[in-house]
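K.L.:
Here it is, the structure in full.
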Amino acid sequence: MDSSSFFAHENFMPHGMCYLWQADILWTSVISDVLTAFAYFSITTAVVIFVKKRHDLPYPWFFLLAGSVIFLACGTSHLISAIVIWEPIYGISSIVKAITALTSVATGIVIWFVLPFFLALPSPAMLEKKNQALKDSLDKLNFAQKSLVESEKMASLGGLVAGVAHEINTPIGIGVTASSHLWEETTLINHKHITEDMTNRDLSLYLDEVKESTALISSNLARAAKLITSFKQVAVDQSNKNVRTYKVKRYIEEVLQSLKPKLKHTNIITEVSCDENLAVHGDPGALSQIITNFVINSLIHGFENKTSGNIDINITCKGGMVLFVYTDSGKGIDKEHISKIFDPFFTTKQGKGGTGLGLHIVYNLVVQSLKGSISFNDGFSQGSQFIIEFPLGIHNKDE
Ligand SMILES: Nc1ncnc2c1ncn2[C@@H]1O[C@H](COP(=O)(O)OP(=O)(O)O)[C@@H](O)[C@H]1O
Ligand SMILES: [Mg+2]
């Protein structure tokens, strides 16, 4: 047969002749071939969909070669096997077989090159294990973050206690000196009295001393008592939740009073503008911690290279909502840092005492305790301005 007759099939006999057209054998073979062909086509479609949908699949061409081409070629050759029973298109059949052979051989070779890669792919069980390990370390990280937040809270409480001790030391010290002086003078006059040496002048001098010392003792004890009252309120409020109705202005002034030791050596003027009668229902400790963090931040960051400036706290109330605006006239916050300041661990004082937790704590206190929202005013250019809005919690008389 010459080559021009490769696709000419007039001279061939249909394959059914081989079966002597025996129906049972012929139809069993035809049905099997057709079913096998459609099964292969279905597999091809599934492989193509799989490769198209799984963009992360390594070596997608391998799947297309191994899956779709082989299955397509195999399916087609089975279909042709069914056709040649009646139509002797053996030329086409042989070409399809050749394509099947070529792609199978190519896949058979390539598979040995890609096999190591597929062997290295993690199994779902391995991935599950890795996921668990990641989850465990995330849990540990969350735990560490929580305990750091707690320790920062304790540190600010500790700082406050140190401040309290320092402030109270002076009036108590003066009281101790005055009372021991009084004791010495009393012992002296007592002795003169017993020995009948006491003159009228001695008595009058002694009475002057008594007047002076008792005045000093009582004024200093009163100062200590006042300090203790204001510190006690702030300290107790910082350590446990204490929900009550409180006058905002007075409370904020008490908090600022407790921060006096930190402001003492600076020319920073604090000012609170708020209606005297404005009362809020909630945990005042949250407000105290928020203000403490703001003031400490203003001192450490805002007024880093300045010795004078202003800290203003402005509070207004409208429609059952309190608008709390904290402003300092410090250096402000760089534009590129603003979006990160409330993130835990964001600090521009890394390695220089900054933990990056202060504003994160403030954020949590505002959201969780005050049930409000906080933002940094990025349009403010003469320093830093934080705006907090939270519900009043009660119906105010002045509203
Ligand atoms: N009043 C402020 N003036 C200037 N920068 C501030 C002020 N408050 C906060 N910042 C900036 O925000 C960052 C985050 O503050 P914070 O969470 O309290 O962390 P830390 O004080 O430990 O650095 C600071 O590192 C600082 O860069
Ligand atoms: Mg801070």
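The values are calculated or read from the model by the stated rules, or taken from the named source; none is laboratory data. Fair warning: this is a prediction, and the values are worked out from it, not measured in the lab. We place every Cβ from the backbone using ideal geometry, glycine too, and count neighbours over all the protein chains shown.
K.L.:
Just need a number here: residues in region 1-14 that are in contact with a helix residue (DSSP H, G or I) (Cβ under 9 Å, 6 or more places away or on another chain) and either modelled with pLDDT of 90 or more or hydrophobic (A, V, I, L, M, F, W, C) (or both).
P.N.:
Count: 4.
K.L.:
Still on this model: Mind telling me which of the residues 51, 47 ends up being in contact with a Pro (Cβ under 7 Å, 6 or more places away or on another chain), touching a residue at least 12 places away in the same chain (Cβ under 8 Å), over 18 Å from residue 89 (Cβ atoms) and not polar (S, T, N, Q)?
P.N.:
Exactly one residue qualifies, and that residue is 51.
K.L.:
Out of all the residues in region 288-305, is one or more modelled with pLDDT under 90 and under 30 Å from residue 243 (Cα atoms)?
P.N.:
yes
K.L.:
Okay, moving on. Counting only residues that are assigned to a helix (DSSP H, G or I) and either near ligand 1 (Cβ under 9 Å from one of its atoms) or touching a residue at least 12 places away in the same chain (Cβ under 8 Å) (or both), how many does region 345-367 have?
P.N.:
So the count comes out to 9.
K.L.:
Can you tell me which residue among 331, 352, 371 is at pLDDT below 95 and more than 23 Å from residue 280 (Cβ to Cβ)?
P.N.:
After applying the criteria, what remains is 352.
K.L.:
Hey, any hits in region 313-320 for a residue that's surrounded by 12 or more Cβ atoms within 10 Å (Cβ to Cβ), within 11 Å of ligand 1 (Cβ to nearest atom) and either at pLDDT 95 or above or over 20 Å from residue 268 (Cβ atoms) (or both)?
P.N.:
no
K.L.:
Just give me the residues in region 343-385 being near ligand 2 (Cβ under 9 Å from one of its atoms) and in contact with a Gly (Cβ under 9 Å, 6 or more places away or on another chain), in sequence order.
P.N.:
Listed by number, the residues that qualify are 347, 349.
K.L.:
Right, here's the next one. Quick one: is residue 110 hydrophobic (A, V, I, L, M, F, W, C) and in contact with a helix residue (DSSP H, G or I) (Cβ under 6 Å, 6 or more places away or on another chain)?
P.N.:
no
K.L.:
Could you check how many residues of region 1-44 are under 16 Å from residue 90 (Cβ atoms), of a type in the set (A, V, I, L, M, F, W, C) and not in a loop (DSSP other than H, G, I, E, B)?
P.N.:
1
K.L.:
Related question: Of the residues 71, 143, only one is surrounded by 17 or more Cβ atoms within 10 Å (Cβ to Cβ), under 56 Å from the mean Cα position of the chain (by Cα) and not charged (D, E, K, R); which?
P.N.:
Exactly one of 71, 143 is surrounded by 17 or more Cβ atoms within 10 Å (Cβ to Cβ), under 56 Å from the mean Cα position of the chain (by Cα) and not charged (D, E, K, R), namely 71.
K.L.:
Here is a further query. Hey, residue 342 hits all of (1) among the aromatic types (Phe, Trp, Tyr); (2) more than 9 Å from ligand 1 (Cβ to nearest atom); (3) part of a loop (DSSP other than H, G, I, E, B) but one; which does it fall short on?
P.N.:
Evaluating residue 342 over (1) among the aromatic types (Phe, Trp, Tyr); (2) more than 9 Å from ligand 1 (Cβ to nearest atom); (3) part of a loop (DSSP other than H, G, I, E, B) leaves (2) as the failure.
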